[in-house]
Every structure is written in C-alpha cells, then in structure tokens.
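Worksheet: the structure to be examined is printed underneath.
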Amino acid sequence: MPLDHPLLFKSLCYVDGHWLHSDDGASIAVHNPADQSVIGHVPMLGERQITAAVDSAQRAFANWREQSLENRAALLRRWAELILQHQEDLARILSQEQGKPLAEARGEIRYAASFIPWFAEEARRLYGQTIPSHIPGAQLGTLKEPVGVCALLTPWNFPSAMITRKAAAALAAGCTVVVKPAHETPYSAFALAQLAEEAGMPAGVFNVVLGEPQMAMETLVKDARVRSVSFTGSTRVGKLVLQAAAEDVKKVALELGGNAPLIVCADADLDHAVQVALDAKFQTSGQDCCAANRILVERPVYEEFLQRFAKAVRGLRVGPGHDERNQIGPLMHQAALDATAARVADAIEQGARLLAGGEPHALGGWFWQPTLLADVTDAMRIYCEENFAPIAGVRAFDTLDQAVAMANDTEYGLAAYICSNRVDVVHPLIRRLDHAMVAVNGTKFTGHPIPFGGMKASGLGREGGTEGFEPFVETKYFCIHHQGQRYS
Ligand SMILES: O=CCCC(=O)O
C-alpha cells in the first residue's frame, strides 16, 4: 500500500517504547475483507510479553501522573496534530483492513483525533470539592486521581476511534494504557502507536499488544495492577470481561451491542426520513452498534416510505473501500456473511416482504447486497437479534404507545432514532425510550463532547464527554483534623 509516511504501516506490537515480535515467533495473517488477500502478518504475543506490557505501563505511571497538566496536554495535542496530518494514510490503512469506504474511513480518523485535544483540555476541570465540615475544626475535601494502569480492549468496526475515545480520557487523566485491538484490524492501532511515539509519548505510557483473544483479555483483566478495563464489543464477551474484572473489583466500562429502533412518525418529512434510515442503517455496511435495525413506521405513511426507501437501498453502490464511488463495503468475515444469509432466509420464511437485495452480492467474497425486508415481526431473527449487516427490517405501527413498546422490546438500550417535526411527539418519546442516546431527525449524534454508552445489555458507563473520565479516575476524600480538635 503506497503511503506518504511508510512507517505508519507497522507489523509489530509496541511495548515500553519498543517494537516487538512475539518471543516464540507466533503470528497471524491480517486480511483485506474486500478480497481476502493477506495484508500482512502481525505478532501474537504470549502471556509473558503481555504481562511485560503491564509492567511497563505500571513503571511509567509514577512519572506520567506527576507530569504537569500542561505537559500532558501539549503531548496529547501533538499526537492529535500528527493524526490529522497523516489522516489520508491512516484512512487508507483503516479502509484496507476494515473494508469501510474511504470517505467513512477519513471521517473515522477525524472523529478519532477529535477526542484527544478535547480530553487534554477537559482534564483541567477534573476538580475535587471542598466539603462543608460536620467535624469541628476539620477540613474536608476530595481529589480526582488517576486509577493507574488501564486495559483498553477495542473492536474491529471502528479500529481507530474506539482506541482514542478511551485512550485520550485515560492518558489525559494521568493513567497509562495497554491497548489490545481486535486481531482483524491491528494496523490502525500500530499506526496510532507510531504517531504517539513521534509525538514524544514516554515509553510505557501507551502500549499496544495482540495475542490469542481470550488469553490476552484474561492476562490483562486478571492482572491485579490493571485498575480499570474499558471494553467495546459484543455483549457476550462484555459479560466475560465483567466477570474477569470482578476478581479484583476493577473499574469497568462496557460499550456493548445494540438493536436500535428508528421511529418514523406520519408527520415526518418522508424524503428526509428515508435519508435518516439509509444513514442510520447502512453506514459501516451496517456493522455498527448504533445501526437502526428496527425501522418502525406509522401506518398512514408505511407503504410510501417503503417505496422510497427501497429505491434508495437499491441505489447504494457496493464494492471495495478504496474505490471512492463505493458506499457499502464487505462484511468482516465469512461467519458474518453466513449469519446474514441465515437471518434473511429466516425473515422470508416467516413472511417478510423482500423489497431489495436479499442475496450475496455478485462481487462474491464477503459482499452482501443491501437488503430491505418489510413486515418484519418480533418472531424474526432480523428483528430481535443485533444484526451487524446491511439488512434493514421495517414494521408498521398504529399508535405511539405501540411504537414505544416495540422500540423498548429488546435486551439492548444503546441508540434510538426518531423522525418527527412535532414537539409534543418528540419530547415524550425521548423520555419514554429505554435507550441511552436518542437522535431526532438526523443520524449525526456522536462526537467528543457527548456521553456515548448504553443501558441494559448495551453496557456500563459512558465514553466521551465529561462522563468519559469516570472509568479512569478515583475520587479520594480527605479529612484534615486541626491539632487538638476532637470529634464529639
Ligand atoms: O460501534 C461502536 C461505536 C460507534 C460510534 O462511536 O459511533
């Protein structure tokens, strides 16, 4: 892959300021999901080397936490500047290993960079409190302190932004980190490490390791020196992380699965609602925890919405991410393709109307045709399971009470979308939805200043926004007794 900055394509882990092969030579091939070609081989570290990354983060913590805010912020800002300076290379690396179209990859790199200066600045406001004393003569207060070493476990659907959203908060708060990216998309993580090194990040502050997934997760999460774990991925694995972290009662932030509803009310501008549905469902080829998997449309506009949406879905251009004209990339694995085929077959068998797609794409490999199924029901897998694919299911509703019941009828509670221009409809809906993030008349809602996260099986804690510091700081209370005073 021709890059302006060839060093950004690194096939090595990064520990204690050194680039590492695995001790025993173990490695794994990374594939381009568009054609299954091998991009390169990356090391799979063993337990000893992963533990060494925790050693290095633990050593670096003492000095990093004592740095002045200004020093830490300046270094983080330099890292973000380098990310933006090399955004085109980073987007190419990301698109090649993840499959998303280049325009989306560029958007992700800008999104990834945006968290860093924001947290660097926001760290100035990690205020403690002075507390009016209930003890005669004593002075009471709190301090916000960094927890220590943090393990950041990140997914393949957003290989850059999920690292910086966690790392920026942790590093700005004074913690050190060991990142374990998904083994499908490690190159974006190594490129971020390269730029961290160029920015002058001290050895041990930012480490990137890869290893057999379960062993790597357990080695990091069960190490007593790791005081906080932040994980983005499936609810199934999130529960394992939570169990493993319980052993030492660590802080845990989990950003897990979703099954977002989009409620289209009869008063909505239908062309705009179609665009919202298209963006909310089909970005990242539908492989997004915020994807609108259950599109609920008020009966009077149901058929008209379906007609316009079907036309738009049929118009989506599918192909490899590096071709600027393509809007939908491949799925990540053969397993994802098989699961997609099974969900579509299940829906059709149970009576869903197929209005677009429905088959593997003629390009072959892991490409699937953008698919639209109408009249879906809660008995269908496409409706009740998180579907990480470019397949949309639409269902009619008659009353807002019914729409709320349908929207909330899921174990998940991450994102929800509403299309309506009526304030008396939108406000009550926002309050009644059991979903932690509600977007109205649009899909752009994420970003550095907002608390991203879910309720129910969608997770614990928030990332981004002022809440984004919480997994990485402790509140320390102090009580200073003035000499000679006694509590009575
Ligand atoms: O899939 C997870 C995160 C998506 C986002 O931050 O928009």
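Just going by the charge dipole of segment 127-233, with Lys and Arg at +1 and Asp and Glu at -1 on Cβ, which of 162, 216, 185 is farthest out on the positive end? The residue sitting most towards the positive pole is 162.
For the residue pairs 180/250; 456/476; 180/476; 281/311; 250/281; 239/476, alpha carbon separations beyond 24 Å are given by 456/476; 180/476; 250/281; 239/476. The gain in end-to-end length when the residue 140 to residue 21 segment is fully stretched comes to 37.8 nm, 0.36 nm per residue minus the alpha carbon separation. When Rg and Dmax are taken over the Cα atoms of segment 298-352, they come to 14.9, 41 Å. Legend: Rg and Dmax of the chain, from Cα coordinates, 23.7, 84 Å. Amide H contacts of residue 206: 177, each under 5 Å away and 5 or more positions distant or on a separate chain (H built 1.01 Å from N in the peptide plane; Pro and chain starts excluded). Figure note: 282, 445 ranked by solvent-accessible area, largest first, 1.4 Å probe, ligands and nucleic acids not counted: 445, 282. Pairwise Cα distances in segment 326-373 exceed 14 Å for 49 percent of all pairs.
For the residues 239, 251, 166, 144, a 1.4 Å probe over the protein chains yields an accessible-area ranking, largest first, of 239, 144, 251, 166.
How about segment 333-407: which trypsin sites (Lys or Arg not before Pro) there are in a DSSP loop, with at most 12 other Cβ atoms within 10 Å of their Cβ? When the trypsin sites (Lys or Arg not before Pro) of segment 333-407 are filtered for loop state and at most 12 Cβ neighbours within 10 Å, nothing remains.
Residues whose amide H falls under 5 Å from that of residue 292, counting only those 5 or more places apart or on a different chain, are 281, with hydrogens built in the peptide plane.
Using a basic spin-label model with each label point 7 Å from the Cα along Cα→Cβ, how many nm lie between residue 85 and residue 408? Here the answer is 5.2 nm between the modelled labels.
Beta bridges from DSSP with both residues in the chain: antiparallel share about 40 percent, rounded to the nearest 5.
What fraction of the Cα pairs in segment 68-140, stated in percent, has a spacing above 19 angstrom? For segment 68-140, the fraction of Cα-Cα distances above 19 Å is 54 percent. Principal axis extents of the Cα atoms in segment 56-210, from largest to smallest and rounded to whole angstrom, are 65, 29, 24. For segment 433-488, the mean projected area of the C-alpha convex hull, equal to one quarter of the hull surface, is 7.5 nm².
Considering only the Cα atoms of segment 350-423, their convex hull presents on average a projected area of 6.6 nm². Remark: the residue 279-residue 133 segment gains 47.2 nm on full extension, using 0.36 nm per residue and subtracting the alpha carbon distance. Per residue, the chain exposes an accessible area of 39 Å² to a 1.4 Å probe, with every protein chain left in place. Ordered from highest to lowest accessible area with the whole protein assembly present and a 1.4 Å probe, 391, 39 read as 39, 391. Once the Cα-Cα distance is subtracted from the 0.36 nm per residue extended length, the residue 121 to residue 36 segment shows a gain of 26.4 nm. At the residue level, residue 212 shows approximately 90 square angstrom of accessible surface with a 1.4 angstrom probe and all protein chains present.
Model label sites at residue 66 and residue 441, defined 7 Å from Cα along the beta-carbon direction, differ in position by 5.5 nm.
Amide H contacts of residue 44: 22, 26, 27, 28, each under 5 Å away and 5 or more positions distant or on a separate chain (H built 1.01 Å from N in the peptide plane; Pro and chain starts excluded). In order along segment 381-390, phi translates into HN-Hα couplings of 4, 4, 8, 9, 10, 5, 10, 8, 6, x Hz, rounded to whole numbers, per the Karplus curve 6.51 cos²θ - 1.76 cosθ + 1.60 with θ = phi - 60° and x for Gly and Pro.
Per the 1.4 Å probe, what fraction of the accessible area of segment 71-174, in percent, lies on carbon and sulfur atoms? Taking all protein chains in place, segment 71-174 shows 52 percent carbon and sulfur surface.
Based on the convex hull around the alpha carbon atoms, segment 102-194 presents an average projected area of 7.6 nm². Each DSSP beta bridge with both residues in segment 89-227 is either parallel or antiparallel, and the antiparallel ones are about 20%. For segment 122-278, what D do you get in µm² per second when you plug the Kirkwood radius from alpha-carbon pairs into Stokes-Einstein at 10 °C and 1.306 mPa s? Translational D for this selection: 87 µm²/s. Rounded to the nearest Hz, the phi-derived 3J(HN,Hα) couplings of segment 111-117 under the Karplus curve 6.51 cos²θ - 1.76 cosθ + 1.60 (θ = phi - 60°) are 4, 4, 5, 4, 5, 6, x, where x marks glycine and proline. Using the Cβ-Cβ distance between residue 377 and residue 240 with R0 set to 35 Å, the FRET efficiency from 1/(1 + (r/R0)^6) comes to roughly 0.65.
The values are calculated or read from the model by the stated rules, or taken from the named source; none is laboratory data. Quick caveat, the model's predicted, so the values are computed rather than measured. Don't worry about glycine lacking a Cβ; one is built from the backbone with ideal geometry, like all the others, and counts go over all protein chains shown. Side chains are part of the model used for accessible areas, which takes the heavy atoms of the whole protein and leaves out ligands, DNA and RNA. Shrake-Rupley method; radii C 1.70, N 1.55, O 1.52, S 1.80 Å.
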